[in-house]
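Let me begin by presenting the structure, written as structure tokens, before commenting on it.
The values are calculated or read from the model by the stated rules, or taken from the named source; none is laboratory data. All values reported here derive from a predicted model rather than from experimental measurement. Counting neighbours? That spans all protein chains shown, and the Cβs are built from the backbone with ideal geometry, glycine included. Surface accessibility is based on the protein's heavy atoms, side chains included, excluding ligands, DNA and RNA. Shrake-Rupley method; radii C 1.70, N 1.55, O 1.52, S 1.80 Å.
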Amino acid sequence: MTRFLLIDDDAQKGWEKVLIAVLKKEIDKEIVFESAISIEVAKNSLLHEWDLIFLDLRFGELDHSIINPEALTGAEILKDLIRNKRLINFATPVITFTASRKIWNIDKMIDLGADSYFIKESPLQPLDESFSKANYERLIKEIRKLLHSGFARKIFWKKTADLMHNIESKKIYPNIKKRINEKLLIGFGLLSGTVREYERTNFLFA
């Protein structure tokens, strides 16, 4: 049984039903699916571990007046509630949900640690049919890929975190502990194959 979380203020305006139908058809007939339509609800949902998180970029009208993509609600949730080494979903794959096709917004979310993105289409503003088909097929491909790689990534991270925790209880010189922990973090960070702000911040790639 695969566990999915959708963090989106529009979740109950159709996206929840659409995603559940798609996931049951294409991924797994038996799924656990939960929606969070606010930061407060997301905080509670993120106390539990998920296999994949869909994260909306913008929440409410206020976000539409924000120019800096890092200040958008989705970016803040990603930085503070997911990509935090102390939290349970630190290694959980994240797909950014966005109605915007502005590449700089998508790039910033990827830089902050999102694994992929999906462009939400509205029936009020239909896009080209070929784009819609490719967009859908890409989403399914990304979900399958991230569930596979995310499973391995989470195992590696749990092992890494356990080692770091065990080292803290050992009678070793503090500078040696520090160097061992640094090497463990760098080793885990190398799994991503990229050097984004996410890796520079969390895995000492600077």
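Among the residues of segment 31-50, how many are more than 17 Å from the chain's Cα centre (by Cα) and either within 17 Å of residue 78 (Cβ to Cβ) or modelled with pLDDT under 95 (or both)?
Within segment 31-50, residues that are more than 17 Å from the chain's Cα centre (by Cα) and either within 17 Å of residue 78 (Cβ to Cβ) or modelled with pLDDT under 95 (or both) number 1.
Which members of segment 98-116 meet the condition of being more than 10 Å from the chain's Cα centre (by Cα) and not hydroxyl-bearing (Ser, Thr, Tyr)? Can you show your working first?
Step one: of segment 98-116, the residues more than 10 Å from the chain's Cα centre (by Cα) are 98-108, 111.
Once the filter is applied, which keeps residues that are more than 10 Å from the chain's Cα centre (by Cα) and not hydroxyl-bearing (Ser, Thr, Tyr), segment 98-116 yields 99, 101, 102, 103, 104, 105, 106, 107, 108, 111.
Pull up segment 1-15, narrow it to residues that are assigned to a helix (DSSP H, G or I) and surrounded by fewer than 16 Cβ atoms within 10 Å (Cβ to Cβ), then point me to the one that is farthest from the chain's Cα centre (by Cα). Explain how you work it out, then say what you get.
Of segment 1-15, the ones assigned to a helix (DSSP H, G or I) are 11-13, 15.
With the extra rule that they be surrounded by fewer than 16 Cβ atoms within 10 Å (Cβ to Cβ), the set shrinks to 12-13.
Working: 12: 20, 13: 22 Å.
If we take residues in segment 1-15 being assigned to a helix (DSSP H, G or I) and surrounded by fewer than 16 Cβ atoms within 10 Å (Cβ to Cβ), then 13 is farthest from the chain's Cα centre (by Cα).
Look through segment 96-122, keep the residues that are of a type in the set (D, E, K, R), touching a strand residue (DSSP E or B) at 6+ places or on another chain (Cβ under 8 Å) and more than 25 Å from residue 195 (Cβ to Cβ), and return whichever of them is modelled with the highest pLDDT. Please lay out each step first, then the result.
If we filter segment 96-122 for residues that are of a type in the set (D, E, K, R), which is where we start, we get 101-102, 107-108, 111, 115, 120-121.
Those still in the list that are touching a strand residue (DSSP E or B) at 6+ places or on another chain (Cβ under 8 Å) too: 101, 115, 120.
Subset that is more than 25 Å from residue 195 (Cβ to Cβ): 101, 120.
Details: 101: 72, 120: 88.
Selected residue: 120.
Consider residue 95 carefully, then state whether it is within 23 Å of residue 51 (Cα to Cα), in contact (Cβ under 8 Å) with a residue 12 or more places away in the chain and surrounded by 15 or more Cβ atoms within 10 Å (Cβ to Cβ).
Details: within 23 Å of residue 51 (Cα to Cα): yes; in contact (Cβ under 8 Å) with a residue 12 or more places away in the chain: yes; surrounded by 15 or more Cβ atoms within 10 Å (Cβ to Cβ): yes.
Against the criterion (within 23 Å of residue 51 (Cα to Cα), in contact (Cβ under 8 Å) with a residue 12 or more places away in the chain and surrounded by 15 or more Cβ atoms within 10 Å (Cβ to Cβ)), residue 95 qualifies.
Select from segment 16-69 the residues that are of a type outside the set (A, V, I, L, M), open to solvent by 50 Å² or more (accessible area, probe 1.4 Å) and touching a residue at least 12 places away in the same chain (Cβ under 8 Å) and write down the one among them that is nearest to residue 93 (Cα to Cα).
If we filter segment 16-69 for residues that are of a type outside the set (A, V, I, L, M), which is where we start, we get 16-17, 24-26, 28-30, 33-35, 38, 40, 43-45, 48-51, 54, 56, 58-61, 63-65, 68-69.
Next, from what is left, pick out any that are open to solvent by 50 Å² or more (accessible area, probe 1.4 Å): 16-17, 24-25, 29-30, 34, 40, 43-44, 48-49, 51, 61, 64-65, 68.
Narrowing the set further to residues that are touching a residue at least 12 places away in the same chain (Cβ under 8 Å) leaves 16, 30, 34, 43, 48-49, 51.
Numbers: 16: 18, 30: 19, 34: 16, 43: 17, 48: 14, 49: 11, 51: 7 Å.
Restricting to residues being of a type outside the set (A, V, I, L, M), open to solvent by 50 Å² or more (accessible area, probe 1.4 Å) and touching a residue at least 12 places away in the same chain (Cβ under 8 Å), the top hit is 51.
With the requirement that a residue be charged (D, E, K, R) and in contact with a strand residue (DSSP E or B) (Cβ under 7 Å, 6 or more places away or on another chain), what does segment 123-149 give you? Explain how you work it out, then say what you get.
Pass one, segment 123-149, residues charged (D, E, K, R): 128-129, 133, 137-138, 141-142, 144-145.
Hit for segment 123-149 is 142, nothing else.
The rows are residues; the columns are (1) surrounded by fewer than 16 Cβ atoms within 10 Å (Cβ to Cβ); (2) not hydroxyl-bearing (Ser, Thr, Tyr).
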residue: 103; (1), (2): yes, yes
residue: 113; (1), (2): no, yes
residue: 121; (1), (2): yes, yes
residue: 161; (1), (2): no, yes
residue: 165; (1), (2): yes, yes
residue: 168; (1), (2): yes, yes
residue: 178; (1), (2): yes, yes
residue: 184; (1), (2): no, yes
residue: 198; (1), (2): no, no
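Can you list the strands (runs of 3 or more DSSP E) found entirely within segment 23-114 that contain at least 2 residues being over 23 Å from residue 131 (Cβ atoms)? So that I can check it myself, show each step before the final result.
Values: elements: 31-36, 52-56, 94-98.
Passing ranges, in order: 31-36, 52-56.
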